[in-house]
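Read-outs: derived from the displayed coordinates by stated rules, not from any lab. Everything numeric in this text was worked out from a predicted model, so none of it was measured. Methodologically, a virtual Cβ is constructed for each residue, glycine included, from the backbone with ideal geometry; neighbour enumeration extends over all protein chains shown.
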């Protein structure tokens with residue numbers, strides 16, 4: 001059985017940043033990257049809002065650079081999954097998908113969240129080429145263009161309003177005949193001159209070519225089909241935090257996100273810290289994930305110092 005000072009689960013901006021800081025603090029972190037090394041940014045073609053890249057950067061390339069930085073300071077980054085956790089006592093016991101067992105003095109959960117998509121084959125085909133689940137990340141690329149937003153809740157309304165400030169026109173594709181968003185949010189959407197709500201419609205197929213998305217085929221509740229010309233298709237029907245591993249041990253909020261204490265990253269299990277999208281239902285940005293990775297590393301270091 002292997003014993004490590006610090007185990008980090010996850011490899012997005014939060015996990016890799018936590019690895020950089022814990023390595024520099026001589027905590028000799030072991031990182032398990034999970035199913036998607038680099039996290040959600042590896043599904044983004046270009047990132048323009050992360051500081052330090054004035055000309056933008058490919059999402060996969062940026063995550064590889066952060067990964068190399070963690071390796072440079074000595075992080076032990078491994079492929080594979082942690083599939084079982086026993087957080088009943090320290091050191092914690094964790095098991096990989098290969099059957100390897102580790103004991104960890106501290107644990108940093110950085111498993112992220114997964115956007116919920118419609119499940120259309122064409123949706124997957126144009127991922128990163130017009131299809132996005134983050135308006136604040138990718139909306140800038142569609143300035144003065146026509147786009148569509150799927151969803152009827154607060155997130156969809158927020159995304160539509162954000163895009164309305166950038167784009168020529170925003171179509172909201174709403175499955176029902178009402179919005180589920182708060183009344184104030186509904187009023188703002190309905191008052192926006194360049195937002196058109198398509199009530200009782202669903203996306204049937206996303207159309208495009210080698211340059212990306214150029215239209216969406218819709219079907220109404222009556223079975224009628226029509227096509228709207230758009231270059232961006234934003235899915236805003238929710239995110240699913242990757243917390244299955246921890247749900248028996250850590251307190252989760254009603255959406256399933258890990259609850260952390262105050263302004264820090266400590267959970268209700270002493271020695272377990274959470275950072276990034278797995279504990280952030282509000283911002284979900286690469287820069288905030290990286291920042292919370294730094295916080296989790298510092299919190300873990302201080303915890304170990306206090307425990308001697």
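When only alpha carbons are used to place a centre, region 142-168 and region 244-296 end up 28 Å from one another. Mean separation of Cα pairs under 8 Å and 6 or more residues apart, divided by the residue count, gives the chain a relative contact order of 21 percent. Based on alpha-carbon atoms, the Kirkwood radius and the radius of gyration of the chain give Rg/Rh equal to 1.02. Using alpha-carbon pairs under 8 Å, 6+ residues apart, how would you state the relative contact order of region 76-126 in percent? Normalised by residue count, the contact order of region 76-126 is 22 percent.
Note on region 49-124: semi-axes of the ellipsoid equivalent to its C-alpha gyration tensor, largest first and rounded to whole Å, are 30, 21, 12. The order of 162, 257, 142, going from fewest to most other C-beta atoms within 10 Å of their C-beta, is 162, 257, 142.
The angle between the Cα long axis of helix 286-307 and the longest principal axis of the Cα atoms of the chain comes to about 20 degrees, rounded to the nearest 10.
Using every pair of separate Cα atoms, the Kirkwood estimate puts the hydrodynamic radius of region 117-235 at 13.9 angstrom. Computed over Cα pairs, the Kirkwood radius of region 177-261 leads via Stokes-Einstein (1.567 mPa s, 4 °C) to a diffusion coefficient of 79 µm² per second. Percentage of Cα-Cα pair distances in region 176-221 greater than 18 Å, rounded to whole percent? For region 176-221, the share of Cα pairs beyond 18 Å comes to 48 percent.
Annotation: the residues 132, 23, 79, sorted from fewest to most other C-beta atoms within 10 Å of their own C-beta, follow the order 79, 23, 132. Of the residues 106, 83, 197, the one that moves most in a GNM of the chain with alpha-carbon contacts below 10 Å is 83. Applying 1/(1 + (r/R0)^6) with r as the Cβ-Cβ distance of residue 125 and residue 251 and R0 = 41 angstrom yields a FRET efficiency of 0.55.
For region 144-278, relative contact order (Cα pairs under 8 Å, six or more residues apart, normalised by length) works out to 20 percent.
Using the Cα coordinates of region 43-87, the gyration tensor eigenvalues translate into equivalent-ellipsoid semi-axes of 27, 14, 9 Å, sorted from longest to shortest. Counted over all Cα-Cα pairs of region 1-158, pairs farther apart than 26 Å make up 38 percent.
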